[in-house]
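Notes follow once the structure below has been shown.
Just so it is clear, none of the values below were taken in a lab; they were calculated from the coordinates. These numbers were taken from a predicted model, which means no experiment stands behind them. When we count neighbours, we look across all protein chains shown, and the Cβ atoms used for this are built from the backbone with ideal geometry, even at glycine.
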Amino acid sequence: MSSLEIRVDPTFLGFDPVRLERITTHFDRYVADRRLSGWMATVARGGELAWVGKGGHRDRENGVEVTDDTIWRIYSMTKPLTSIAVLMLYEEGKFDLNDDAGRWIDALKAPRVYVAGPPSSPVTVPATGPVRIHHLLSHTSGLTYGFNYTHPVDAIYRSKGYDFGFAKGADLAQAVDDWCTSPLVFQPGSRWNYSVATDVLGRLIELWSGQPLDEFFRTRILEPLGMVDTDWWCPPDKVDRLAMLYVSSHGDSVPYEELANTVLHVPRILGAGGGLLSTAHDYNRFMTMLLGGGELEGVRLVSNRTLELMTENHLPGGLDLEGFATDSFSEVDYAGVGFGLGFSVVTDHLKNKSLVSEGTYGWGGAASTAFWVDPVEDLTVSFFTQLLPSGTYPIRRDLQQLVYQALVD
């Protein structure tokens, strides 16, 4: 178990302590009217924690309050770790970012693209180019999610058993084959669509490294960074620290016990796009590594140049998501935000209408968790709660506004 110790007066890090407490006041209102059961947030500058706040309960029905060591389902905040894992293998020469993913994934050797028709009998055409590794990292591959509910191909995924989870009885190799034998939503590289691409990358990590995904994560990322409570499931000796999962219902947050209990067992499929559980301490270690250019306390995962490449906008022509995305789900705003190799990237803070610096990168998770790294302000921020779906309330925008108003130097 690890703690979140504040060793530096926030004023020395440029924060007004009174203004920081506005974060607590704001999110405690969410708890008071039951929009959230509980919450936790961290704010750090230069790798030093400036503020840690929390409120409410990790399990409201049993009266268990949020504590520093609460374990949270981080869902798609798994994606940035997977992307770092991919680029670690890139640095070892296992592949080139322009490589055709069909070299390793048979179902992508000759992909086809949806053009018309119902999900039961789609009309498709051959892809005009390959699905490249950088397409998978930037969600421009043409893959999708069954839970998007916006395109006929989404329904094809659901017909194969892939909605919010995985098909019954499938392993990761089978899941990748099921997705990649479905039509692509668009020609590779021509649009942006949130998708299972990161889960496909999880399978590629196994093929490139020769290790099971959990072993690679444990030996190459989690243990080296001291992320002692980050795992693909919650073992019995940590269950008392696990937060309950909630779903929004008519302005209230109600327990979602059936889905909550799925993390109590080793999963059949390790979801590289959304399968990890973690703590605020552990994710702060990950963010601090990112802020440090790929290195933390003498442990280097990637070079600073690789990380710089990952956190630039890779959308063609410098477009933002507003001009390039399909009508799919996103964990961030579209306006003034591009996408790199595994992270959203703020490209125009005026268009985004926010105080966030241009070049800030991050992502969020389905249960309303979020993080960002601001290299300009030397800042890292994380937020944890357990409310599905993540777009229910403007939590991330609220937090951005409240963090930057407290930064006075």
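Some notes on this structure:
- Entry note, segment 97-193: relative contact order of 35 percent, from Cα contacts under 8 Å with a spacing of 6+ residues.
- Bridging of LYS109 to lysines at a Cα separation below 30 Å is possible for LYS79, LYS94, LYS160, LYS168, once same-chain residues fewer than 8 apart are set aside.
- Cα-based shape type of segment 176-256, given that a ≥ b ≥ c are square roots of the gyration tensor eigenvalues and the cut on a/c is 1.5: oblate
- FRET efficiency, TYR149 to GLU257 (Cβ-Cβ, R0 22 Å, nearest 0.05): 0.35
- Segment 115-267: C-alpha gyration tensor shape, a/c 1.5 cut-off, then a/b vs b/c: oblate
- The chain: relative contact order in percent, alpha carbon pairs under 8 Å with at least 6 residues between: 22
- Stokes-Einstein D in µm²/s, Kirkwood radius over Cα pairs - segment 249-351 at 20 °C with 1.002 mPa s viscosity: 127
- Ranking LEU296, MET227, ALA85 by Cα position along the charge dipole of the chain, where only Lys, Arg, Asp and Glu carry charges on their C-beta atoms, puts ALA85 farthest toward the positive end.
- Computed from the Cα positions only, the extents of the chain along the three principal axes stand at 59, 44, 40 Å, in decreasing order.
- Point-to-point label distance, ARG305-GLU61, nm (Cα→Cβ direction, 7 Å offset): 5.4
- Charge tally in the Cβ shell below 13 Å around SER357, where Lys, Arg are +1 and Asp, Glu are -1, SER357 excluded: -4
- Neighbourhood charge, 13 Å Cβ-Cβ cut-off, centred on TYR194 and excluding it, Lys, Arg +1 and Asp, Glu -1: -2
- Environment charge at TRP233 (Cβ cut-off 13 Å; Lys +1, Arg +1, Asp -1, Glu -1): 0
- Entry note: segment 1-100 has Rg to Rh equal to 1.12, where both radii use alpha-carbon atoms and Rh is the Kirkwood radius.
- Computed on the Cα trace of segment 32-185, the radius of gyration divided by the Kirkwood hydrodynamic radius gives Rg/Rh = 1.09.
- Prolate/oblate/rounded label for segment 97-193 (Cα gyration tensor, a/c 1.5): oblate
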